[in-house]
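Trainee: Below are the C-alpha cells for one structure; questions will follow.
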Amino acid sequence: MPSFESVNYTIRPNKNIERKLVFEALRVLRSSIPLNGYRYVGLGSLWFVDFILAHRYLSIDNMVCIEFETEAERVEFNRPYNCIEVLRGITTDVLPTIDLATKPSLIWLDYDSGPEGPILQDIEHIAGTAKVGTIILFTINAHKGNLPKTDADGRDLKRESALQLIFGNLVPPILPHGSFTADGYPKLLAQMLLAHMDSCVHRSGRGNKFLPMFNFYYRDGAPMITVGGLIADGLHEHNYRNSGVGKLEWVTGEKQISILVPPLTVKEKFTFDRLLPRSMPPNITELGFPLTEEQIVAYHNYYRHYPVFGEFQV
C-alpha cells in the first residue's frame, strides 16, 4: 500500500515544522542565489505540499514530480499547478531522463524507504551530474529495524554487517557508542549519507564541493531524517556565506537537529505562546499544565513554526 493511503502528509506536525524550516532557510539563501530560476524535483504524492511552498515562497515555476506508475494517475489529478510535470517510474530510472546538467535544481526526494532503498544510487547520479548551484535534500526512514536481517545466502546478519552491506566503506571503522539506539542510529545514518554526498560530488571530477546545510531528525510515528546541502563552486560558496543562511540555528551542516514537538490543544498552545518570546523556556509552574522538560524545550524552539489544524467546510 502506498504511504499516502495511510498518512496525510499535510497534518504531520514535526514534518510540517521541518518543511517550514527548510523553506525559511532557502528564502534567506535566495538573497544571494536566484532560486526562482531553478527547477524543483520531488516526490509530490497526492498533496504536493513542498511543491506548493517552492512555488509560493521561491517563485519556482519549473517543477517535476516523480511517481510510481501505479499511483501516477491519481497524483496527476491532484496537481495544484500547471507548471508541474508528473514523470512516471522509479527515481533511479526517471532521474537520468531529466537534464540536471544545464539548469540548477532544488531536489528534495522524500522516500518512504530507508537506506536500503534507492537513495545511495540516486545521490551518486545527482551529485555526479547536477549543475553547480543545485541544492539536494533527501529524507528516509531511520528505523534500525529496516536494516536487512539476512544476506544474499539467507545467513543471519548482525547490525554492523547489515550496515556494511548497504554502505560499504562509508561505515566508520569504529562505530560511535550507542550507534543502534533510538538517538544514535539517526545520527549515524545522517553522518554516512552526508559523507556519501561529499564523496560523490568530489568524485565527479568537476572541482565542486558539497556544503552541508540540513540535518534533521523528526518523528510523527516513524523516525525520519532529512539531510542535504549545496553543490558549490567558489562563486556559489561565496554567495552562500554572504547570504547569512548559515547563521540560522537550524542550518547546522553535520550537527543533527531534532524536531520532536508535543501535541498541544489549542488552549495549551495559546497559553504557551503568551509566555513567548523569551531566551529561556518557561517552567511547568509558569505553564500551568504538565509537559516534560524535553517537550517544553522543543516547543520553545519551534513555536513560530508550530502548525494549528482545524476542520472547515468545502
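Trainee: Loop only by DSSP, 15 or fewer other Cβ within 10 Å of the Cβ. Give me the GluC sites (Glu not before Pro) in region 232-263 that pass, ordered by residue number.
Mentor: E249, E254
Trainee: Between H143 and Q295, what FRET efficiency comes out of the Förster formula 1/(1 + (r/R0)^6) with R0 = 22 Å and r the beta carbon distance, rounded to 0.05? Walk me through the intermediate numbers first.
Mentor: On the way: r = 22 Å, r/R0 = 0.99.
FRET efficiency, Q295 to H143: 0.50.
Trainee: When DSSP beta bridges are limited to those with both residues in the chain, what percentage is antiparallel, rounded to the nearest 5?
Mentor: Details: 18 of 38 bridges.
Percentage antiparallel, nearest 5: 45.
Trainee: Accessible area, 1.4 Å probe, largest first: how do S204, S105 sort?
Mentor: Values: S204 35, S105 0 Å².
Reading off the accessible areas and sorting them downward yields S204, S105.
Trainee: I've got another one for you. Largest first, how would K267, K144, K15 line up by accessible area (1.4 Å probe)?
Mentor: Numbers: K267 160, K144 60, K15 0 Å².
Sorted descending by solvent-accessible area, the residues read K267, K144, K15.
Trainee: So how much accessible area does M224 have, in Å² to the nearest 10, using a 1.4 Å probe?
Mentor: 20
Trainee: Right, another one. Between I284 and V308, take the C-beta separation as r, use R0 = 22 Å, and let me know the FRET efficiency to the nearest 0.05. Walk me through the numbers before you get to the answer.
Mentor: Values: r = 22 Å, r/R0 = 1.02.
According to the calculation, E is roughly 0.45.
Trainee: Students often get this wrong, so check it: of K158/K247; K15/K103; K144/K267; K131/K187; K15/K247; K149/K209, which have C-alpha atoms separated by over 32 Å? Please list the in-between numbers first.
Mentor: Values: K158/K247 41 Å; K15/K103 28 Å; K144/K267 36 Å; K131/K187 28 Å; K15/K247 22 Å; K149/K209 35 Å.
Pairs exceeding the cut-off: K158/K247; K144/K267; K149/K209.
Trainee: Taking 0.36 nm per intervening residue step and subtracting the Cα-Cα distance, what contour gain separates L275 from I174 on full extension? Walk me through the numbers on the way to the answer.
Mentor: On the way: separation 101, 0.36 × 101 = 36.36 nm, distance 4.51 nm.
Gain on stretching L275 to I174: 31.9 nm.
Trainee: D112 accessible area, nearest 10 Å², 1.4 Å probe?
Mentor: The accessible area comes out at roughly 90 Å².
Trainee: Grab the Cα-Cα distance for A72 and S32, subtract it from 0.36 nm times how many residues apart they are, and report the gain in nm with one decimal. Provide the component values of the computation, followed by the final result.
Mentor: Working: separation 40, 0.36 × 40 = 14.40 nm, distance 3.59 nm.
Between A72 and S32, full extension yields 10.8 nm more.
Trainee: Another question, if that's okay. For the pair D99/D183, report the inter-label distance in nm, with labels modelled 7 Å from Cα in the Cβ direction.
Mentor: According to this spin-label approximation, the distance is 5.0 nm.
Trainee: Could I ask something else about it? Got a sec? What order do D183, D110 fall in by accessible area at 1.4 Å, biggest, i.e. largest, first? Could you put the intermediate results ahead of the total?
Mentor: On the way: D183 105, D110 40 Å².
Highest to lowest solvent-accessible surface, that is D183, D110.
Trainee: Quick one: if the Förster radius is 51 Å, what FRET efficiency do V266 and D156 give, using the C-beta to C-beta distance and rounding to 0.05?
Mentor: Values: r = 50 Å, r/R0 = 0.97.
After rounding, the FRET efficiency stands at 0.55.
Trainee: Could you work out the relative contact order of the chain? I mean the mean sequence separation of Cα pairs under 8 Å and 6+ apart, divided by the number of residues, in percent. Present the calculation step by step, with values, prior to reporting the outcome.
Mentor: Details: 484 pairs, mean separation 56.5, N = 314.
Result for the chain is 18 percent.
Trainee: Quick check: net charge around K149, other residues with Cβ under 12 Å of its Cβ, Lys/Arg +1 and Asp/Glu -1? Walk me through the numbers before you get to the answer.
Mentor: Details: positive: K144, R155, K158, R159; negative: E116, D151, D156.
Spelling it out: positives minus negatives among the neighbours equals +1.
Trainee: Further, regarding this structure: So what does D273 come to for accessible area, using a 1.4 Å probe and Å² rounded to 10?
Mentor: Surface open to solvent at D273 totals about 40 Å².
The values are calculated or read from the model by the stated rules, or taken from the named source; none is laboratory data. Bear in mind that the values here come from a model prediction, so they are computed numbers and not experimental data. Quick reminder, even Gly has a Cβ in these numbers, built from the backbone with ideal geometry, and neighbours come from all protein chains shown. The accessibility values were calculated without ligands, DNA or RNA, using every heavy atom of the protein model including side chains. Shrake-Rupley method; radii C 1.70, N 1.55, O 1.52, S 1.80 Å.
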